[in-house]
Amino acid sequence: MGIFCHFSLAFAFAIIFIFINVYAENLRQRIFNDAGPCSFDQYRCENDQCIPRSEFCNGNYDCKDDSDESYCSTYSRECPRHRPFFCGRTDSGKCIPMSWKCDGYKDCYNGKDEEQCGRVLWRINYKSDCTQGQLDRHGNLLTLHLQRILSALKPLRGLPSLGEYYEGVVPAFLHEARFRALDWTYKMRNEELPTRKWGPDIGRIAVALYLSNNSYFIENRTIFGEISYELSLDLLSKLALKEIEDISSTELANYINAFLVTCIDPRKFYVLDLVSELRKRVDSQNYTNPSVMLALCNAGERITEKDIDKLTSVFWKAHREFWTDTQALAVLALACTAKQPYEVFDLVEINKLTLELKKRQYRNGTVENLKTTALVLQALFASESEADEENFDEAKALRQILRSQKEDGSFGNIPNTYYVLPVIRHRSLVNISSSHCRTPFISEQEAVKDLMNQVGEKWSVQFSLWIGNNRTVERTLILTVPANSSFYRIMEFAAGVDNRFKFEYTVRNGKPYIYSISKTQDDPENGMFWFLFKSLSSEEGDLELITKSPADVVPVNKQHFIFWYKCGTWNR
């Protein structure tokens with residue numbers, strides 16, 4: 001079954017308890033307890049597999065290691081360390097994880113895990129009737145089941161409705177708020193349109209879906225593939241009408257983030273390197289939007305000391321102008337930098353900046369407005385492993401966010417919902433990643449198809465390999481590529497079209513330099529090396545040696561480039 005049916009089944013005939021008072025643990029420990037790869041409505045097997053809570057101790061072995069059915073009737077009260085809470089002998093002697101105690105969901109049949117928590121009692125009387133056929137129809141399934149579940153939610157003892165009572169914050173609350181927001185987000189999809197079903201904010205929608213429920217987003221190939229295709233189409237359509245230089249840096253940053261979560265390589269987007277283009281712009285400017293630097297960091301681009309100076313400068317300038325949003329983004333970019341292996345920035349240095357953010361919190365818990373409150377919480381989640389309860393009340397901030405949720409499930413609009421959804425999962429824009437992507441295998445036919453079907457202005461470039469001083473072996477490809485493509489990207493496409501053009505390179509000063517093509521390496525003992533030339537005319541031998549990295553070389557239309565494996569002039 002799909003995750004939404006599991007969600008409804010997990011809540012079938014269950015009891016939800018809602019906090020009124022603050023529990024003894026701090027907020028993050030209580031509501032964002034570490035379940036590793038698993039979400040609130042899942043049980044983490046001993047082999048780290050995630051299964052729905054409804055399948056825990058149900059008599060069937062759902063974990064591949066069978067760990068979900070162990071300690072389900074332990075009358076001796078001897079529970080293992082990973083499931084130390086004992087439900088009691090009157091409850092078949094079940095052992096459950098300690099993180100499930102006082103989380104707002106009844107796991108012990110007798111309700112022992114939700115006793116002495118000081119809460120209001122709620123009951124759900126709904127059982128899912130999902131079928132596999134419904135699961136395949138992703139468009140309306142989420143809406144259907146959420147409407148049924150929420151309509152079945154009834155307070156006991158005449159208490160107010162769930163949407164009105166956010167005095168306490170428990171995992172069950174956040175879980176319900178997240179699914180309502182996801183429901184609204186999926187409604188953004190317009191089934192009637194042949195293309196562009198997700199609208200102009202598709203990039204933010206992709207990131208929000210990934211950060212709020214990445215397992216379902218990745219595993220649902222229908223949604224994932226459709227969004228990935230429409231993202232590519234969206235940027236290609238813009239490139240058909242204008243040059244890459246005409247697309248703003250913030251737009252490029254948004255595309256890079258969205259491409260990462262949808263497994264589109266931003267460094268190889270139809271022979272364009274979006275990351276290098278953005279890096280070039282950042283290096284040429286004294287001021288940098290922190291969101292741009294964050295996108296570069298998310299894409300794995302090395303953040304330098306100069307970049308850090310720019311970010312801290314932006315932070316303090318924004319501080320003077322009261323641009324708290326910009327300050328929060330700067331902290332996010334710095335937090336991402338601290339996770340890089342280059343050790344140019346340490347999270348300890350960020351404390352002074354986060355303290356300034358905390359000073360902006362109002363007594364009611366907000367920081368200026370909903371969007372800014374969510375951004376500040378993201379910044380604190382990314383930069384601090386533990387909550388600083390003395391200087392910032394995260395519980396109040398979360399309560400204000402939950403109170404801001406509209407009846408339709410949104411938080412007012414797409415930008416607000418985009419910033420809030422990661423917070424509900426204890427995540428931030430720093431968690432944007434392509435680590436879930438598999439490296440695609442591209443056949444020669446697929447590579448040729450990609451080349452032939454590109455949108456926008458095309459240039460014809462001739463690429464030849466000459467091997468031997470006397471050109472004993474010659475191979476030539478004529479490629480149609482997007483205008484202004486670097487020769488390095490053209491080489492990558494050539495390698496995809498013809499395996500004999502595959503190459504290896506070394507990096508010097510951050511740039512690739514070729515040392516092997518077609519399994520033929522530089523041979524210093526014999527003085528044989530690969531040299532890059534460009535043809536200056538149609539006359540034989542009218543060549544100019546190029547000593548720059550292929551990444552810095554941009555061919556013009558109908559130009560001929562040659563990589564020649566020959567003896568160096570100093571060896572003759």
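A few remarks follow.
- Only listed residue being over 30 Å from ASP309 (Cβ atoms), among the β-branched types (Val, Ile, Thr) and buried (at least 19 other Cβ atoms within 10 Å of the Cβ), chosen from ILE256, ILE227: ILE227
- Evaluated against (1) closer than 16 Å to THR337 by Cα; (2) over 23 Å from the mean Cα position of the chain (by Cα), SER284 falls short on exactly one condition, (1).
- When LEU193, LEU156, LEU135 are checked against the criterion of being modelled with pLDDT under 50, under 29 Å from the mean Cα position of the chain (by Cα) and either surrounded by fewer than 21 Cβ atoms within 10 Å (Cβ to Cβ) or over 30 Å from LYS94 (Cβ atoms) (or both), a single residue qualifies: LEU135.
- Whichever residue in region 17-40 is in a loop (DSSP other than H, G, I, E, B) and of a type in the set (S, T, N, Q) and, among such residues, is modelled with the lowest pLDDT: ASN21
- Of the residues making up region 344-382, those that are in a loop (DSSP other than H, G, I, E, B) and farther than 21 Å from THR288 by Cα are LYS359, ARG360, GLN361, TYR362, ARG363, ASN364, GLY365, THR366, GLU368.
- Region 400-436 - residue that is in contact with a Ser or Thr (Cβ under 6 Å, 6 or more places away or on another chain) and hydroxyl-bearing (Ser, Thr, Tyr) and, of those, nearest to VAL207 (Cα to Cα): THR417
- Subset of region 201-224 [over 20 Å from VAL420 (Cβ atoms) and either surrounded by 15 or more Cβ atoms within 10 Å (Cβ to Cβ) or at pLDDT 90 or above (or both)]: ILE218, ASN220, ILE223, PHE224
- Beta carbons closer than 7 Å, at least 6 apart along the sequence or on distinct chains, pair a first residue in region 273-289 that is touching a residue at least 40 places away in the same chain (Cβ under 8 Å) with a second that is buried (at least 21 other Cβ atoms within 10 Å of the Cβ) and in a helix (DSSP H, G or I) for ASP273/ARG489.
Okay, residues lined up against (1) buried (at least 18 other Cβ atoms within 10 Å of the Cβ); (2) at pLDDT below 85; (3) of a type in the set (D, E, K, R):
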| position | (1), (2), (3) |
| --- | --- |
| GLN42 | yes, yes, no |
| ASN47 | no, no, no |
| CYS63 | yes, no, no |
| ASP66 | no, no, yes |
| SER73 | no, yes, no |
| ASP91 | no, yes, yes |
| GLY104 | yes, yes, no |
| GLY118 | no, yes, no |
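- Of the criteria (1) in a helix (DSSP H, G or I); (2) at pLDDT below 90, which one TYR166 fails: (1)
- For beta carbons closer than 8 Å, sequence separation of 6+ or different chains, a first residue in region 552-569 that is touching a residue at least 24 places away in the same chain (Cβ under 8 Å) and farther than 12 Å from PHE533 by Cα and a second that is among the charged types (D, E, K, R) and assigned to a strand (DSSP E or B), the qualifying pairs are ASP552/LYS511.
- Note on region 460-555: no enclosed strands (runs of 3 or more DSSP E) hold 3 or more residues that are among the hydroxyl-bearing types (Ser, Thr, Tyr) and buried (at least 16 other Cβ atoms within 10 Å of the Cβ).
- Enumeration of residues in region 41-90 that are part of a loop (DSSP other than H, G, I, E, B) and of a type in the set (Val, Ile, Thr): THR74
- Only residues that are touching a residue at least 40 places away in the same chain (Cβ under 8 Å), assigned to a loop (DSSP other than H, G, I, E, B) and acidic (Asp, Glu) were counted across region 383-430, and they come to 4.
- Residue in region 330-338 that is of a type outside the set (S, T, N, Q) and surrounded by fewer than 23 Cβ atoms within 10 Å (Cβ to Cβ) present: yes
- Flag if ARG279 is modelled with pLDDT of 90 or more, loosely packed, with under 15 Cβ neighbours inside 10 Å and over 16 Å from the mean Cα position of the chain (by Cα): no
The values are calculated or read from the model by the stated rules, or taken from the named source; none is laboratory data. All figures in this text were calculated on a predicted structure; none of them were measured in a lab. With ideal geometry, Cβ positions are generated from the backbone for all residues, glycine too; neighbour counts draw on all protein chains shown.
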